[in-house]
Amino acid sequence: MVSFSSSEQYRDGFGPFTPGFKIIPFGDIDALRSAITPNTCGFLVEPIQGEAGILIPPTGYLREAAELCQRNNVLLMADEIQSGLGRTGKLFAYMHEGITPDVLIVGKALAGGFYPVSAVLASSEILGVFGPGEHGSTFGGNPLGCAIARTALRVLIEEKMVERSAELGAYFLSRLQTLQGSAIKEVRGKGMWIGIELKGMARPYCILLKEEGILCKETHDHVIRIAPPLVITREEIDWAVERIAKVLEK
């Protein structure tokens, strides 16, 4: 996976790297079309990029990518470790485009933050290449992890956390987009996943926000990433916006 990365931070000190990976610009359907050859086996993509700064592709991009992959017998693999399970206002971010990936990768929120668990979902045609016991990992199939994941999924659906993410996320985004700070370049997001892109470094602002009681993280140096728990209330959003405004505007 390090061979798959475009970040020098993660590649530094490693190698030699596995050949055959092509990195293409995010959201560029022509670049994807040009990169596919008869030897291309799969296309791995985040429907919305998280670590890169909450980057949302152009409308229709994922739908075109799915059609392109299907025509060329290329597996469409969606990495929803960050974007999945209600974060963007849909159960999975790919659902905003009405497609179904061939392979879906999930983790993090899968156990509600209580236990390390991740999963890969695909059809039996794809995952059926492994027989029972032919592929495993230290915590693969862990009974406690699976039980917690099942419970977390029930809570997510029964308590309508996904719908809550869509409704309150839109409210949070609209409030943040009214901020007038000279340091702000752009505010973007979907559901409870918002990026505040700044004209300068984001780290000093994250430190100031921590002093105001808000924990957030800078990503790619210039973006403050906002990813509150899906149980957040409208009153708590208002409280947060007041403090974010205080830091970014003054």
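The values are calculated or read from the model by the stated rules, or taken from the named source; none is laboratory data. It should be emphasised that the depicted structure is a prediction, and the values quoted were computed from it without experimental measurement. Cβ sites come from the backbone with ideal geometry, for glycine too, and all protein chains shown count toward neighbours. Just the protein is used for accessible areas: all its heavy atoms, side chains included, with ligands, DNA and RNA removed. Shrake-Rupley method; radii C 1.70, N 1.55, O 1.52, S 1.80 Å.
Do you know which residues across the range 204-222 are buried (at least 17 other Cβ atoms within 10 Å of the Cβ) and of a type outside the set (A, V, I, L, M, F, W, C)? Break it down into steps so the answer makes sense when it comes.
Here is the first cut: in the range 204-222, the residues buried (at least 17 other Cβ atoms within 10 Å of the Cβ) are 205-206, 209, 214, 216, 218-219, 222.
If the condition is that a residue be buried (at least 17 other Cβ atoms within 10 Å of the Cβ) and of a type outside the set (A, V, I, L, M, F, W, C), then Tyr205, Glu218, Thr219, His222 are the ones that fit.
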Exercise for the section: Can you confirm whether the range 51-65 contains a residue that is closer than 29 Å to Val187 by Cα, open to solvent by less than 20 Å² (accessible area, probe 1.4 Å), part of a helix (DSSP H, G or I) and small (Gly, Ala, Ser)? Expected result: yes
Handout entry: Count of residues meeting criterion [surrounded by fewer than 23 Cβ atoms within 10 Å (Cβ to Cβ) and at negative phi] in the range 83-100
Key = 8
Exercise for the section: Evaluate the range 83-93: report whether one residue or more is in a helix (DSSP H, G or I) and in contact (Cβ under 8 Å) with a residue 40 or more places away in the chain. Expected result: yes
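Could you identify the single residue in Gly195, Gly169 that is at pLDDT 95 or above, outside any helix (DSSP H, G or I) and within 23 Å of the chain's Cα centre (by Cα)?
Values: Gly169 fails: outside any helix (DSSP H, G or I).
One residue alone meets the criteria, Gly195.
For Gly189, state whether it is over 23 Å from the mean Cα position of the chain (by Cα), closer than 21 Å to Glu235 by Cβ and not acidic (Asp, Glu). Spell out the reasoning first.
Working: over 23 Å from the mean Cα position of the chain (by Cα): no; closer than 21 Å to Glu235 by Cβ: yes; not acidic (Asp, Glu): yes.
It is false that Gly189 is over 23 Å from the mean Cα position of the chain (by Cα), closer than 21 Å to Glu235 by Cβ and not acidic (Asp, Glu).
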Handout entry: Exclusive hit being surrounded by 12 or more Cβ atoms within 10 Å (Cβ to Cβ) and part of a loop (DSSP other than H, G, I, E, B), set Phe139, Phe130
Key = Phe139
